[in-house]
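For reference, the structure discussed in these notes is given below.
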2 protein chains.
Amino acid sequence: MLGYKAPVEDLRFVLTKLLADQDLNSLPGYSEFSPDLVEAILDEAGKLCATVLFPLNRSGDEEGCRYENGVVRTPKGFKQAYDEFAQGGWTGLTADPEFGGQDAPNTVANAVQEMICSSNLSFGMYPGLTMGAYHAIHAHGTEEQKRNFLPKLVDGSWSGTMCLTEPHCGTDLGLIRTRAVKNGDGSYNITGTKIFISAGDHDLTDNIVHLVLARMTDAPEGIKGISMFLVPKFLPNDAGEAGPRNGVMCSGIEHKMGIKASATCVLNFDEATGYLVGQPNKGMRAMFTMMNAARLAVGIQGLGIAESAYQGASSFARERLQGRALKGPKYPDQAADPILVHPDVRHMLLTMRAYTEGARALVAWVSAKLDVSKRHPDQQTASDADDFVSLLTPVVKAMLTDLGTDVANLGVQVLGGHGYIRENGMEQYVRDARICQIYEGTNGVQALDLIGRKLPAHMGRYLKQFFHPVSRYIEEHADDEALAPFIQPLSKAFGRLQRATGVVAQRGLKDPNQAAAVASDYLRLFGLVAFAYLWARMAEISLPHIEGENKRFYRAKVDTAQFFMDRLLPQSGALFSSIMAGGDSTMDFDDEAF
Amino acid sequence: MLGYKAPVEDLRFVLTKLLADQDLNSLPGYSEFSPDLVEAILDEAGKLCATVLFPLNRSGDEEGCRYENGVVRTPKGFKQAYDEFAQGGWTGLTADPEFGGQDAPNTVANAVQEMICSSNLSFGMYPGLTMGAYHAIHAHGTEEQKRNFLPKLVDGSWSGTMCLTEPHCGTDLGLIRTRAVKNGDGSYNITGTKIFISAGDHDLTDNIVHLVLARMTDAPEGIKGISMFLVPKFLPNDAGEAGPRNGVMCSGIEHKMGIKASATCVLNFDEATGYLVGQPNKGMRAMFTMMNAARLAVGIQGLGIAESAYQGASSFARERLQGRALKGPKYPDQAADPILVHPDVRHMLLTMRAYTEGARALVAWVSAKLDVSKRHPDQQTASDADDFVSLLTPVVKAMLTDLGTDVANLGVQVLGGHGYIRENGMEQYVRDARICQIYEGTNGVQALDLIGRKLPAHMGRYLKQFFHPVSRYIEEHADDEALAPFIQPLSKAFGRLQRATGVVAQRGLKDPNQAAAVASDYLRLFGLVAFAYLWARMAEISLPHIEGENKRFYRAKVDTAQFFMDRLLPQSGALFSSIMAGGDSTMDFDDEAF
């Protein structure tokens, strides 16, 4: 019932207009990525997503992955789609050309990523995990490891995983029990059980490269005794191809709420041969290389689902005839008006739209800074950009995945009873989106990361990278009357964020629980202000064009910005009050009374 | 993994302390229902729900209903459970003793209803629909219809349905196409297709009594030409038992997001024999008799799910060891602290708790007024209570079902990855709860009902029944220092509601779209104020007991009230601002740009 069309026009707007000042094209290595090439990449990716991945989304959900005799089978059509995906070079879009990659900017790759998540979140998990493994090996592996594994990960013939969680520990990785015992030849024997391993087994690739957190003999207790190991499903033979079977077996897959075509595996490591990646006992550091990128990627999953839900809901609302406009029939020739005329339906659609397009702008902003942080020749500029990305990563992860769920739920609501029926596809978005709030660190953990690590880091240095441009923007446009409907609410919300930041930091110094108890509210306030800033800028860019060419697009931008300021940004006031009320009522409650 | 225990202690608190002034026991016909009897009923119902219905909840979800050769089979165990349920007299709990009912107060029956929804929402649909049919026939049927059908519905040997929706119309019933042609014998021939018919076919009862909205030959167009017909699956024979098959067939069931053990049927009526219920062309009025009760019942479904989700999340949080408290280990003898020590987990649990217990109090309040409206000997008192119930029904339906979904989602979040796994049961609550926001009038329709019908009714007469007691309560306790932490925020939020009410009414007179565009925000603001009032009262009742017997219970009440005021009620400010911003940005958006 639902369809999907890549939002190329909005992506173009964001990448070329909103990010105009970032001048990504001039970063070393990115000169090839002219606007024309970027447009061609987006078009090509959009076509692949709409015609190959999206048609497998519903069937993949109904069929799910199957576990049979120790192997996992992905749903019908997945293998063929994956081959097409890999042959198109999409598995190595951002990868190092030395290993066969395309070296595309993150800004572009993340736009493609959004489309993949919109069209088939489950499918996207497989190459997504591979990219995580690629980054960790690229950053921390030996030259030999890079030579042996990266080309295969880049061309998609092998895939990757991140093996962290065990039955008794998820968030608290210090409790990991998987053991690594040294062999004579420099390799290790890995033994233990890992759960919730996405892409842990499947039939899409010739081999799977597991990155496993484990504890060496005599390692220090807790988080400081964790090392990272590379454990291939098949050990490479002399020709560099998948050779003998290694001691890792999938003993089952989970039956989940959603992302049913993504295999979530229990993996048993039984004296499997593994190779140390990076330094002994520094596995957490190496894993974090993957996790930061992964957290951004998960935020983009929320955006992707939101876009699909919006597209489905808006086309339903245009077509479904039901009831009449309150002020009399708007389409008197039809048996009823399309439900689009009803104020509450419009309210839902505009909420979905304002969050989705705001999220897209935020992803683009952070992705551009990520490119600057990695490529800019000026060290200070690069380091500033890195601060910005560090600060915003938990906001992108938590806020965009919360909104992904909210927007998908609104999509169901717009469809009414039809939204609840599996065949129609909308409820799948709700089920698929739900995991994004949990994996790669629950959203509560993201809020704690923001408030406990990112805010205090280097005496608040990260924060400046966000506060300064917003504050400068508000000052610069303080007297612009045309922009007043956007600048004034932004300014008010930003003031709340500034005050909340001071209060939370102060209270947190005395009692960390006081900060932690309001962390989720604070993260949301932060994210709303980021959205407000971006919506104000998008309105500013669009206002001069509302009577010209393509005026419908620009008019919609301005109107959506106004809706965001009017109807959604007021939440900043409630969050501010809740933060100010503090953590006492959260912490004082008697443990035994829960 | 999850469990369920009926919250009898909290129900007792609400029914005996919070409702102490309602004196239900003295209403005509209710004198038998002493506190002791009520307690015995709750205990008995709680046992049945925990030991018979709850154990079938997960298996029912996995197995679902099956459609085979024109018949629907409910999941394993449902028939046996249903028989036990019916034999216990639970199908006729509130029914007229003339037809075999128990004539229990709604206040008590709705407490039982909560338990049923907590333990097995799908199961509860079958007797729930029967009660709807019972009420419609009881209110509008002929004496013969009552005699022939009510005893069977009351003893549960037959069940009922409401047949409204057709493929092209849900909310807008004026579009109904099902036809009713008069036969010579006073009966009608009913022909048409109905979809989304809950309990439309199943194997739990000997017969199914469909109440069908259809259009008589030459009926006026639209909503004024709809009549209600009673169409039994099997026509009663001379002995009054299920006789020959009638022309209604189930042609399929829907595959849904949740409530999978509840059969959602497509019903084809092919010259089926039907009997007019009530007046010709007054079917909507008759249907509304069922719908108001059904809307309260759906609100209670939201509460029921919320309670189960809270119970599951709080026990998981007590048992799951992960990480350490921020200020150092709280349980140093264990490998880690239970996640209950983490501020964000506490914040989630307290949010769940404050909403759930607030919802329970609201349901009790409205149920008590319902009893007064139906039984009180003083006509003015009864009529005032009826106004109150009319006003609050959309609030209960929409707010409690929204919260049901929110609380279930928080439950998943507390469980983390384990919440996403079907076996663990929590994600089912999210899927089951989701339909409650849609059926019996979407929550958007409820908001429109509140703002468009209930507020302006009789020049605002309904509103007084809520505003007066709240305003009086605030005045009476203005100088009570111990209560200030509750009365002050209540008073502030109530002020916002009063101002919003005036502004919305005024703007709505000029342009109904202006009111409709903020209707959902207004309904939520209304509900939050109702919760705040009830939490203030519960705090007031509990404060004198926080050092006495059962002090843990009362202390928790006071602390939860404080948490509600600190962290949740501030939303009233955001809603107020959003309402004040008005509907322009919602209505001005170009239809073609969506």
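Points worth noting:
- Across segment B:512-594, counting alpha-carbon atoms alone, Rg and Dmax equal 18.9, 65 Å.
- Per-residue average of Cβ from other chains inside 10 Å of B:166-175: 5
- Surface share of carbon and sulfur [accessible, 1.4 angstrom probe, percent] for segment A:460-589: 48 percent
- Segment B:250-311: trypsin sites (Lys or Arg not before Pro) in DSSP loop, at most 13 other beta carbons within 10 Å: none
- Rounded to the nearest whole Hz, the Karplus-based 3J(HN,Hα) values (6.51 cos²θ - 1.76 cosθ + 1.60, θ = phi - 60°) of segment A:555-560 follow the sequence 4, 5, 4, 5, 5, 5, with x at glycine and proline.
- In Hz, Karplus ³J(HN,Hα) per residue of segment A:274-285 (6.51, -1.76, 1.60; θ = phi - 60°; x = Gly, Pro): x, 10, 5, 10, x, 7, x, 6, 10, x, 5, 5
- A viscosity of 1.002 mPa s and a temperature of 20 °C, combined with the Kirkwood radius over C-alpha pairs in the Stokes-Einstein formula, give chain A a diffusion coefficient of 86 µm²/s.
- Normalising by residue count, segment A:166-324 has a Cα convex hull of 160 Å³ per residue.
- Measuring how big segment A:110-249 is from its alpha-carbon positions, Rg and Dmax come out at 15.4, 48 Å.
- Pairwise FRET efficiency - residue B:241 versus residue A:593, Cβ, R0 = 45 Å, nearest 0.05: 0.25
- Radius ratio Rg over Rh of segment A:414-527, counting only Cα atoms, Kirkwood formula for Rh: 1.12
- With contacts taken as Cα pairs under 8 Å and at least 6 residues apart, chain B reaches a relative contact order of 13 percent.
- Comment: the Cα-to-Cβ extended label point of residue A:580, at 7 Å, lies 1.4 nm from its counterparts in the other copies, nearest first.
- Solvent-accessible surface of segment A:460-589, averaged per residue with a 1.4 angstrom probe and all protein chains in place: 39 square angstrom.
- Alpha-carbon centroids, segment A:530-594 and segment B:506-537: separation in whole Å: 21 Å
- Segment B:152-204 - Rg and Dmax from Cα coordinates, angstrom: 13.8, 35
- For segment B:58-183, pairs of C-alpha atoms spaced more than 21 angstrom apart make up 51 percent of the total.
- Three semi-axes of the equivalent ellipsoid, segment A:460-589, Cα gyration tensor, whole Å, largest first: 33, 15, 10
- Sorted peptide list for A:552-560, A:28-36, B:567-575, B:23-31, criterion being average Cβ within 10 angstrom, highest first: B:567-575, A:552-560, B:23-31, A:28-36
- Between identical copies, the spacing of residue A:255 label points, each set 7 Å from Cα toward the C-beta atom, reads 1.6 nm from nearest to farthest.
- Linear extension gain, residue B:17 paired with residue B:584, 0.36 nm per residue minus alpha-carbon span: 199.6 nm
- Stokes-Einstein translational diffusion, segment B:240-382 - Kirkwood Rh over all Cα pairs, 1.306 mPa s, 10 °C, in µm²/s: 76 µm²/s
- In sequence order, segment B:113-126 has phi-based couplings of 4, 4, 5, 4, 5, 5, 8, 6, 4, 4, 4, x, 4, 5 Hz under the Karplus curve 6.51 cos²θ - 1.76 cosθ + 1.60, θ = phi - 60°, and Gly or Pro positions carry x.
- GluC sites (Glu not before Pro) within segment B:401-464, DSSP loop, no more than 14 other Cβ atoms inside 10 Å: none
- Stokes-Einstein translational diffusion, segment A:372-455 - Kirkwood Rh over all Cα pairs, 1.306 mPa s, 10 °C, in µm²/s: 107 µm²/s
- Nonlocal amide H pairs with residue B:165, under 5 Å, H built at 1.01 Å: B:195
- With the convex hull drawn over the C-alpha atoms of segment A:1-140, the volume per residue is 119 Å³.
- With label points set 7 Å from Cα along Cα→Cβ, the inter-copy distances at residue B:143 are 10.3 nm, sorted shortest first.
- If you take all other residues with their beta carbon under 15 Å from the beta carbon of residue B:372, and give Lys and Arg +1 and Asp and Glu -1, the sum is -4.
- 20 Å cut-off, amide nitrogen to a point 7 angstrom out along residue B:279 Cα→Cβ, residues in segment B:191-230: B:212-230
- Rounded to whole Å, sorted largest first: equivalent-ellipsoid semi-axes of the protein assembly as shown, Cα gyration tensor: 49, 33, 32
- Chain B residue nearest the axis that carries B onto A, by Cβ, with distance in whole Å, is B:574, 2.
- For segment B:68-90 and segment B:119-144, distance of Cα centres in Å: 16 Å
The values are calculated or read from the model by the stated rules, or taken from the named source; none is laboratory data. All of these numbers come straight from a predicted model, not from anything done at the bench. As a convention, Cβ positions derive from the backbone with ideal geometry for all residues, glycine included, and neighbour counts pool all protein chains shown. Just so you know, the surface numbers come from the protein's heavy atoms only, side chains and all, with ligands and any DNA or RNA stripped out. Shrake-Rupley method; radii C 1.70, N 1.55, O 1.52, S 1.80 Å.
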